[in-house]
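Input: a single structure, listed below in structure tokens.
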Amino acid sequence: MQNSSAQFKLVDLNANNKSSAPIGLFDSGIGGLSVYLHLAQQLPAERYIYYADTLNVPYGTRDSKDIEALTLNAIDWLYQQGCKLIVIACNSASAYALEAARYRYPNLPIVGLVPALKPAVLATQTGHVAVLATKATLEGTLLNQVITEIAAPNNTTVTKYFDPLLVPWVEDGMPEHSATADTLRQRIREFASVGVDYLVLGCTHYPFFKDFLLREIKEQQLPIQIVDSGQAIAARVQHLLVVNKMLALSHNPELSQPLVFYASKYNDNLSRRVQQLVGASAEIEMLG
Ligand code: DGL
């Protein structure tokens, strides 16, 4: 006779009742909402629960053990909410906790982020690309593996760039008259002057200033393209839901659920900022 826990796992993995369970997203702050926007567009029938560890943001300058412990804590919480799949919508957290999270929850699909360096390497004409990311992501093995396995064999030079003020700048609403905005303007000019033609936004906070960068690129007539991972992550999530038979069944937009947003710490502006980033018409339930 088969052992009962093995039988349970088989039923658990194939059960259609998972289809109505939410997708969990995690980030140190509001950056992972850039990934949520791609998911909500590609998979509008799904329900989403978002955990923002605003008490401990930013992660990018923390040490690896700290990032791993904080991330596993968030994954535990999302798992307890009954999530059928979890996206670690943070490059820094993925770099140090993806493997440990998968080890802890072997039957739960967990998607991690790595900067979209591979498509940039395959598309560059100049053979020189830049990755903007946190210190943690730039030092992590996930990105450095892509450099060794994809960029180096393609003779592509990868310039790594880290500014510790970028994540706080996004959390604060990206004021354009600020020293951080001026530094960014100057950096893209410098990247163009050394022949960088692809800029990889390797932190989920950064796509929120993609329009700002594109405006600067246009005004300064710089030959630079920008890439990020959002679209590819949404495609990956869709694929995993299909193969695990967990895709939400309802496609009726009338029945769509609010985004449930949980923050480990609230300040006066957070709810407003989340609503701004996700769109005024989006229904959001705030937990805290
Ligand atoms: N959104 C996180 C990432 O993708 C931000 C990191 C941070 O908190 O410093 O890396």
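The values are calculated or read from the model by the stated rules, or taken from the named source; none is laboratory data. Please read these numbers as outputs of a predicted model, since none were measured by experiment. With ideal geometry, Cβ positions are generated from the backbone for all residues, glycine too; neighbour counts draw on all protein chains shown.
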Single unsatisfied condition, Asn155 versus (1) out of contact with any helix residue (DSSP H, G or I) (no Cβ under 9 Å at 6 or more places or on another chain); (2) free of Cβ contacts under 8 Å to residues at least 12 places away in the same chain: (2)
Members of the range 91-130 found to be in contact with a helix residue (DSSP H, G or I) (Cβ under 6 Å, 6 or more places away or on another chain), within 12 Å of the ligand (Cβ to nearest atom) and of a type outside the set (Phe, Trp, Tyr), listed by number: Asn91, Ser92, Ala93, Ala95, Ala97, Gly112, Leu113, Val114, Pro115
Helices (runs of 4 or more DSSP H) contained in the range 94-206 and holding at least 2 residues within 29 Å of Gln275 (Cα to Cα): 135-139, 166-171, 179-193
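Every residue, every condition in (1) assigned to a loop (DSSP other than H, G, I, E, B); (2) touching a helix residue (DSSP H, G or I) at 6+ places or on another chain (Cβ under 8 Å); (3) within 16 Å of the ligand (Cβ to nearest atom), yes or no:
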{"site": "Phe208", "(1), (2), (3)": "no, yes, yes"}
{"site": "Arg215", "(1), (2), (3)": "no, no, no"}
{"site": "Lys218", "(1), (2), (3)": "no, no, no"}
{"site": "Leu222", "(1), (2), (3)": "yes, yes, no"}
{"site": "Ile233", "(1), (2), (3)": "no, yes, yes"}
{"site": "Leu240", "(1), (2), (3)": "no, no, no"}
{"site": "Phe261", "(1), (2), (3)": "no, yes, yes"}
Subset tally (residues that are under 17 Å from the mean Cα position of the chain (by Cα) and at pLDDT below 95) for the range 171-208: 1
Whichever residue in the range 19-75 is more than 15 Å from the ligand (Cβ to nearest atom) and in a loop (DSSP other than H, G, I, E, B) and, among such residues, is surrounded by the fewest Cβ atoms within 10 Å (Cβ to Cβ): Pro44
